[in-house]
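Q: What follows is a single structure, and I will ask about it in a moment.
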Amino acid sequence: MTEEGYTATVDYEHIDVALKSFWLPFNELVSEMDSFVPRPLSDFADKQNALSAHLRGMNPNMSDETANEEARRLVASSESGDWQFWRLFSARLMTMHVTVTLLSQALCEAEINAILATGLHEKGLAKRFEKIERDSLKIKWLKHPKIFAPEYELKEDSALFETLSHLISQRNAWMHHKIQLRVGEKEILEGSKLKRLSYQENVYWIKRYFSLPYDLAAHMLAQSRQMTAFLICYNRSPIPVAEAHSEQAS
């Protein structure tokens, strides 16, 4: 990027491109999950018969009726609609969740660093960047733009800040993962505080993660007319504004 008086790199565009590249596969996955219809248990008759024969072989005194009933119960459990769904979609959905979480936070941090660096420079305060760059991502978005744009405000009760907080929590849980360890009822290690969500909840938050970097930049631009924010949010296609953010992002 070239501006009167200075030049600046835009390498954060590589993160932007990477994040956008997952939007179409994500929506294809959501469509596939939404249209999923589990196979009826009758499709698993061969599996049930084989299991029944195996049970009778392992237990010579077991009656055919008992073996058949136990096999039916086990197959009904292992081939329930929920288990069929989980086997088909769990790995793909969680791969998407982890990937979008990491890329979204990387872009949120890259863009606020770019906004702060250029905004401070334009006010003759570039030397302050080295110190404030070490602060948390939340503080960077909440407080530091006020240094060069006093009118700027990101409310802590806003949907944008809620998404940012949720994103950071999940990202930290993935990047610094620690197992939870229990012995009986006693907790030995607390572990990472991953939010364990239903697939509908995962889809909901992934959509917000996709949208967040562009909505934060649009929010900054609406309040400060900051040129770097404009460069980040002007071409967000194909990612739409998340419904939860629609009242704040422009």
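Q: Charges at C-beta only: +1 for Lys and Arg, -1 for Asp and Glu. How large is the resulting dipole of the chain about its Cα centre, in Debye rounded to 20?
A: 680 debye
Q: Let me ask another. Would you please report the Å³ per residue occupied by the convex hull of the alpha carbon atoms in the range 108-250?
A: Residue-normalised Cα hull volume stands at 127 Å³.
Q: Hey, rough spin-label estimate for residue 222 and residue 53, points 7 angstrom out along Cα→Cβ, what's it come to in nanometres?
A: Rounded to a tenth, the inter-label distance reads 6.6 nm.
Q: Also, quick follow-up: Counting only protein heavy atoms and using a 1.4 Å probe, what share of the accessible area of the range 1-103 belongs to carbon plus sulfur, as a whole percent?
A: Answer for the range 1-103: carbon and sulfur cover 56 percent of the accessible area.
Q: Could you report the accessible area of residue 135 in Å², rounded to 10, computed with a 1.4 Å probe on the protein chains as they sit in the structure?
A: Rounded to the nearest 10, that gives 60 Å².
Q: Out of the total accessible area of the range 156-214 (probe 1.4 Å, heavy atoms of protein only), what percent is carbon and sulfur?
A: 52 percent
Q: Taking the Cα-to-Cβ direction at residue 125 and at residue 235 and moving 7 Å from each Cα, how far apart do the two end points lie in nm?
A: In this crude spin-label approximation the distance works out to 3.1 nm.
Q: With r defined as the distance between the Cβ atoms of residue 14 and residue 189 and R0 fixed at 45 Å, what FRET efficiency is calculated, to the nearest 0.05?
A: With R0 = 45 Å, the Cβ-Cβ based efficiency is 0.75.
Q: Once fully extended, how much extra length lies between residue 156 and residue 70, figured as 0.36 nm per residue of separation less the alpha-carbon to alpha-carbon distance?
A: So the extension gain works out to 25.5 nm.
Q: Of the listed peptides 211-218, 40-47, 99-106, what is their order by residue-averaged count of other C-beta atoms within 10 Å, with the highest listed first?
A: Top of the packing list down: 211-218, 99-106, 40-47.
Q: For the pairs 127/193; 155/195; 20/138; 20/146; 20/131; 127/207, note any where the Cα-Cα span goes beyond 27 Å.
A: 127/193; 20/146; 20/131; 127/207
Q: What are the membrane-span-like helices in the chain by this rule: whole DSSP H runs, Cα extent along the axis at least 27 Å, mean Kyte-Doolittle hydropathy at least -0.5?
A: 81-122, 199-224
Q: Please work out how much accessible surface residue 190 shows to a 1.4 Å probe, ignoring ligands, DNA and RNA, in Å² rounded to 10.
A: Surface open to solvent at residue 190 totals about 100 Å².
The values are calculated or read from the model by the stated rules, or taken from the named source; none is laboratory data. All of these numbers come straight from a predicted model, not from anything done at the bench. Note that we place each Cβ from the backbone using ideal geometry, even for glycine, and neighbour counts take in every protein chain shown. Just so you know, the surface numbers come from the protein's heavy atoms only, side chains and all, with ligands and any DNA or RNA stripped out. Shrake-Rupley method; radii C 1.70, N 1.55, O 1.52, S 1.80 Å.
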